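Colleague: Take this structure first; my questions come after.
The values are calculated or read from the model by the stated rules, or taken from the named source; none is laboratory data. Here the structure is a predicted model, which means the values were calculated and not measured. Counting neighbours? That spans all protein chains shown, and the Cβs are built from the backbone with ideal geometry, glycine included.
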C-alpha cells in the first residue's frame, strides 16, 4: 500500500472532521458577525450529551445526532437572544469577552459535574479500519464524519440558496441595514442562524463521540484548528471552510509524517500566515471583511 496515498486519505478524512466542526462557526460569523469563542465548549457539551445518551439510555451515537441537533438549535437560539442580542451594538471586544465567559463557565461546570475523567462512547465499529478501493485503509468513524460533513455542508448551501428563509439569511448577511426595508426580521434571522450554527456543533459531537473522549477542556483541542480553518477559507464562506479544512488536514497528515509529529501545527500555521499576507480575507472571503 503506497504510503503517500495513505497519508492523503488520512489527511482528507481529517479535513472532513475539521470541516464538520468549522461550518457552524463560519455560518455564525458570516451572518451575525460575532466570533463565537464558546464554540469549542459547545462541542464539549455535545460530546458529554452523546455519552449520556449512549451510556445511560443505550442510544446509538449516530442515532443521537438528530435529537442533539434539535437540542443544540434551541440552545444556540437561546444563547443569541439572552447573551449576544443585547451586545450587538456594543464594541466587538465586549462580544468576544461575553462568548469567552460562556465558554469558561461551560468548561468549569463540566469539571464540577463530571470531574476531569475521560468519558468515552463505546463503539468499537467506528475505530475499525475500512479499505478504500484497496489503495488506503482508514477509520470507519472518520469516514462517517467525512460523509456527514460534506452532506451537512451541501444541505446548508442548498438551504441558503433555494428556500425563502435561506434567501432572507443571505440578505441579512449582504446588508443588515437594508434587510428590514424588505420586511425581514433581522433579530429573528440572527437567532435562527445562531441556532443552526449550534445545531452543526451538536451534529459534529454525535459523529465524533465514538472517536474522541469527552473531558472539560476537549473543546480547546478542536477550536483553535477550527478558527484557522475558518479564517483561512474566508470567514462566512461555507465552501471556504470545507476547502480550508481539507488543506489543514492534508498539511497535518503530510507534515506529521515527513517532518515531525510535534511540528505539524507549526507547518500549517506558517502556510496560514503566508496565505493571509497575500489575501487577508482568506481564500474565499470578500475583500473588506478582514
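Colleague: What single numbered condition from (1) closer than 30 Å to residue 151 by Cα; (2) surrounded by 20 or more Cβ atoms within 10 Å (Cβ to Cβ) fails to hold for residue 74?
Modeller: (2)
Colleague: Report every pair of residues separated by at least 6 positions or lying on different chains whose Cβ atoms are under 7 Å apart, first residue within the range 120-134 and on the phi < 0 side of the Ramachandran plot and in contact (Cβ under 8 Å) with a residue 24 or more places away in the chain, second surrounded by fewer than 17 Cβ atoms within 10 Å (Cβ to Cβ) and not in a helix (DSSP H, G or I).
Modeller: 120/213
Colleague: Follow-up question, since we're still on this one. May I ask you to verify whether residue 236 is in contact with a helix residue (DSSP H, G or I) (Cβ under 8 Å, 6 or more places away or on another chain), at positive phi and surrounded by 19 or more Cβ atoms within 10 Å (Cβ to Cβ)?
Modeller: For residue 236, the condition - in contact with a helix residue (DSSP H, G or I) (Cβ under 8 Å, 6 or more places away or on another chain), at positive phi and surrounded by 19 or more Cβ atoms within 10 Å (Cβ to Cβ) - is met.
Colleague: Any residue at all in the range 86-93 that's in contact with a helix residue (DSSP H, G or I) (Cβ under 6 Å, 6 or more places away or on another chain), touching a residue at least 40 places away in the same chain (Cβ under 8 Å) and either surrounded by 18 or more Cβ atoms within 10 Å (Cβ to Cβ) or not in a helix (DSSP H, G or I) (or both)?
Modeller: No, that holds for no residue.
Colleague: Kindly list the number of the only condition in (1) in contact (Cβ under 8 Å) with a residue 60 or more places away in the chain; (2) out of contact with any helix residue (DSSP H, G or I) (no Cβ under 6 Å at 6 or more places or on another chain) that fails for residue 81.
Modeller: Here residue 81 clears every test but (2).
Colleague: Separate question: As an exercise: evaluate residue 270 against (1) in a helix (DSSP H, G or I); (2) in contact (Cβ under 8 Å) with a residue 60 or more places away in the chain; (3) farther than 23 Å from residue 28 by Cα and give the number of the one condition it does not meet.
Modeller: In the conditions (1) in a helix (DSSP H, G or I); (2) in contact (Cβ under 8 Å) with a residue 60 or more places away in the chain; (3) farther than 23 Å from residue 28 by Cα, residue 270 misses (2) alone.
Colleague: State all residues of the range 105-134 that are part of a strand (DSSP E or B) and either modelled with pLDDT of 90 or more or more than 22 Å from residue 7 (Cα to Cα) (or both); if no residue qualifies, say none.
Modeller: 119
Colleague: Let me ask something else about it. Is it true that some residue in the range 163-173 is closer than 27 Å to residue 16 by Cβ and at pLDDT below 90?
Modeller: So far as the range 163-173 goes, yes, one or more of its residues are closer than 27 Å to residue 16 by Cβ and at pLDDT below 90.
Colleague: Let me ask something else about it. Which of the residues that make up the range 18-59 are in contact with a helix residue (DSSP H, G or I) (Cβ under 8 Å, 6 or more places away or on another chain) and without any contact (Cβ under 8 Å) to a residue 60 or more places away in the chain?
Modeller: Hits for the range 18-59 are 53, 59.
Colleague: Looking only at the range 176-186, decide whether some residue is at pLDDT 90 or above, closer than 30 Å to residue 8 by Cβ, touching a helix residue (DSSP H, G or I) at 6+ places or on another chain (Cβ under 8 Å) and assigned to a helix (DSSP H, G or I).
Modeller: Scanning the range 176-186 turns up no residue that is at pLDDT 90 or above, closer than 30 Å to residue 8 by Cβ, touching a helix residue (DSSP H, G or I) at 6+ places or on another chain (Cβ under 8 Å) and assigned to a helix (DSSP H, G or I).
Colleague: Can you tell me which of (1) exposed (fewer than 11 other Cβ atoms within 10 Å of the Cβ); (2) in contact with a strand residue (DSSP E or B) (Cβ under 9 Å, 6 or more places away or on another chain); (3) over 26 Å from residue 249 (Cα atoms) is the one residue 114 doesn't meet?
Modeller: (1)
Colleague: In the list 191, 206, which residue meets the criterion of being more than 21 Å from residue 84 (Cβ to Cβ), more than 12 Å from the chain's Cα centre (by Cα) and in contact (Cβ under 8 Å) with a residue 60 or more places away in the chain?
Modeller: None of the other options fit; the residue is 206.
Colleague: Quick check, is residue 153 modelled with pLDDT under 90 and under 20 Å from the mean Cα position of the chain (by Cα)?
Modeller: Considered against the rule, which asks whether it is modelled with pLDDT under 90 and under 20 Å from the mean Cα position of the chain (by Cα), residue 153 comes out as yes.
Colleague: Can you find even one residue in the range 245-261 that is crowded, with 23+ Cβ neighbours inside 10 Å and under 12 Å from the mean Cα position of the chain (by Cα)?
Modeller: yes
Colleague: Looking for something buried (at least 17 other Cβ atoms within 10 Å of the Cβ) and closer than 25 Å to residue 216 by Cα - is there at least one such residue anywhere in the range 161-181?
Modeller: No: zero hits.
Colleague: Okay, next question. Hey, residue 137 hits all of (1) at pLDDT 90 or above; (2) in contact with a strand residue (DSSP E or B) (Cβ under 7 Å, 6 or more places away or on another chain) but one; which does it fall short on?
Modeller: (1)
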